[in-house]
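Below: one structure, written as structure tokens.
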């Protein structure tokens, strides 16, 4: 996608919004993309949904209303940064389609918006379980885990779908290609990959 505005050669900000189930690989890919963009001299910020919950959204729970409010707060910060020419990488489960569309509309008023669906199935996420959420849910210690006993509404028309049969580096390369205005490389599956979603301390619910 183009990174130019009508104001000379000033770079246009863009938000890349990674959505998907817990342990899908969102944070891993976002951090890889962020590092590559920083190496290219781009102004970039990564907003992780779990980290935001410990600060900007501290005190919010995991009801639908609270999850939506968390996404609106992340979206507002992303909108401000995007409006100042920053490339913002948001990694958040963001399970509900309506509030994702709301955020898309707001950010689209000041810059670009790219929705990336990290389409890892629940069985794979459960096998990874990098934060132990699926194990806790299975033991009855956690309720409201997105994709298990709380809904996840997949995007209908995302700009990019990532299948985590590919290596995270390959997924990151596809995102970078899209940001660079080139067609994303064809999906190369079956390579596995080292997936690890760094996050905040343990949660009582399963989804940002």
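In this structure, does residue 142 turn out to be over 13 Å from the mean Cα position of the chain (by Cα), modelled with pLDDT under 95 and either within 23 Å of residue 44 (Cβ to Cβ) or surrounded by 22 or more Cβ atoms within 10 Å (Cβ to Cβ) (or both)? Break it down stepwise before answering.
Working: over 13 Å from the mean Cα position of the chain (by Cα): yes; modelled with pLDDT under 95: yes; either within 23 Å of residue 44 (Cβ to Cβ) or surrounded by 22 or more Cβ atoms within 10 Å (Cβ to Cβ) (or both): no.
Here the answer is no, as residue 142 does not meet what is asked.
Residue 147 - would you say it is over 15 Å from the mean Cα position of the chain (by Cα), closer than 19 Å to residue 45 by Cα, crowded, with 21+ Cβ neighbours inside 10 Å and in contact (Cβ under 8 Å) with a residue 40 or more places away in the chain? So that I can check it myself, show each step before the final result.
Values: over 15 Å from the mean Cα position of the chain (by Cα): yes; closer than 19 Å to residue 45 by Cα: no; crowded, with 21+ Cβ neighbours inside 10 Å: yes; in contact (Cβ under 8 Å) with a residue 40 or more places away in the chain: yes.
For residue 147, the condition - over 15 Å from the mean Cα position of the chain (by Cα), closer than 19 Å to residue 45 by Cα, crowded, with 21+ Cβ neighbours inside 10 Å and in contact (Cβ under 8 Å) with a residue 40 or more places away in the chain - is not met.
Return the pairs, sorted by first residue and then second, in which the second residue is assigned to a helix (DSSP H, G or I), the first residue lies in region 128-143 and is at positive phi, the beta carbons are less than 7 Å apart, and the residues are 6+ apart or on different chains.
129/135
Taking the stated definitions as given, is residue 120 buried (at least 22 other Cβ atoms within 10 Å of the Cβ), under 24 Å from residue 36 (Cβ atoms) and modelled with pLDDT under 95?
On the way: buried (at least 22 other Cβ atoms within 10 Å of the Cβ): yes; under 24 Å from residue 36 (Cβ atoms): yes; modelled with pLDDT under 95: yes.
For residue 120, the condition - buried (at least 22 other Cβ atoms within 10 Å of the Cβ), under 24 Å from residue 36 (Cβ atoms) and modelled with pLDDT under 95 - is met.
When you scan region 25-51, how many residues do you find that are over 15 Å from residue 177 (Cα atoms) and in contact (Cβ under 8 Å) with a residue 60 or more places away in the chain?
Qualifying residue count, region 25-51: 9.
Show me the helices (runs of 4 or more DSSP H) found entirely inside region 90-175 where at least 1 residues are touching a strand residue (DSSP E or B) at 6+ places or on another chain (Cβ under 8 Å).
Details: elements: 97-108, 122-128, 133-138.
Of the helices (runs of 4 or more DSSP H) lying wholly inside region 90-175, those with at least 1 residues that are touching a strand residue (DSSP E or B) at 6+ places or on another chain (Cβ under 8 Å) span 97-108, 133-138.
Quick one: in region 1-57, which of the residues that are closer than 17 Å to residue 78 by Cα, touching a helix residue (DSSP H, G or I) at 6+ places or on another chain (Cβ under 8 Å) and assigned to a loop (DSSP other than H, G, I, E, B) is modelled with the lowest pLDDT?
Among those that are closer than 17 Å to residue 78 by Cα, touching a helix residue (DSSP H, G or I) at 6+ places or on another chain (Cβ under 8 Å) and assigned to a loop (DSSP other than H, G, I, E, B), it is 3.
Condition check: within 15 Å of residue 99 (Cβ to Cβ), touching a helix residue (DSSP H, G or I) at 6+ places or on another chain (Cβ under 7 Å), modelled with pLDDT of 90 or more and part of a helix (DSSP H, G or I). Does residue 74 satisfy that?
Details: within 15 Å of residue 99 (Cβ to Cβ): yes; touching a helix residue (DSSP H, G or I) at 6+ places or on another chain (Cβ under 7 Å): yes; modelled with pLDDT of 90 or more: yes; part of a helix (DSSP H, G or I): yes.
Yes: the conditions hold for residue 74.
The values are calculated or read from the model by the stated rules, or taken from the named source; none is laboratory data. Quantities reported herein were computed from a predicted structural model and do not represent experimental measurements. So basically every Cβ, Gly included, is an ideal-geometry build from the backbone, and we count neighbours across all protein chains shown.
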